[in-house]
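Take a look at the structure below.
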């Protein structure tokens, strides 16, 4: 565990799971049949309140900006649910409420039903696209975290959907390992880097699990 708790190992793992993605401009995307934003998770913070906090807003923000850039007139969110927190509404419903508050017309917004993993998201999106369009070949801009994009793209393509990736929520940056090694704290164990490493390792395990699941 000590090995995985330093910045060097965490950085290498994140570079691996986010490869080969980089952040794109909104204008560089081609117009598609729909912009699909995968759920990223919400939680209730401590306290006696019903306010639901973001875990990370990058996916939602990118979906909104792609819509405003005219890349599609259909913005679809997935209805992510956490089976351990059943009192939280579908994430897609939360997204729609927030998108309308930003001026996005409700007619251009939709959500899938409840889904708990990427495979279910892809199945639900395929069904929704089939209901929206009569033609068979569907083209989407897929918005999800960079570390999640490789697996998500394969799963959606397995449903016969043409995917234009739009990765966000990067955990790596442009600094080189040589630049980071100038910081003496980089190689010291820390709980933060252990958490980063474990997150990346879970994604690697998920990729292998999906190959066997197919």
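Bear in mind these aren't lab numbers, they're just calculated from the coordinates by the rules spelled out. Values in this document were obtained by computation on a predicted structure and should not be read as measured data. We place every Cβ from the backbone using ideal geometry, glycine too, and count neighbours over all the protein chains shown.
Summary of computed values
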| item | result |
| --- | --- |
| Principal-axis tilt of helix 91-101 within the chain, Cα atoms, nearest 10 degrees | 70 degrees |
| The stretch 1-68 shape via C-alpha gyration tensor axes, a/c threshold 1.5 | oblate |
| Expected 222 nm ellipticity per residue - DSSP helices of 4 or more, -39500 (n - 2.57), all of the chain, to 500 | -13000 deg cm²/dmol |
| Packing-based order for 12-22, 80-90, using average beta carbon neighbours within 10 Å, highest first | 12-22, 80-90 |
| Alpha carbon centroid spacing (whole Å) that separates the stretch 11-37 from the stretch 59-88 | 15 Å |
| Within a Gaussian network of the chain (alpha carbon springs, distance under 10 Å), most fluctuating of 172, 25, 39 | 25 |
| C-alpha long axis of helix 7-18 to longest principal axis of the chain, angle in ° | 30 degrees |
| Cα-based equivalent ellipsoid of the stretch 40-151: semi-axis lengths in Å, sorted from largest, via gyration tensor | 24, 17, 14 |
| Nearest 10 degrees, 0 to 90: helix 118-132 Cα axis against the chain principal axis | 20 degrees |
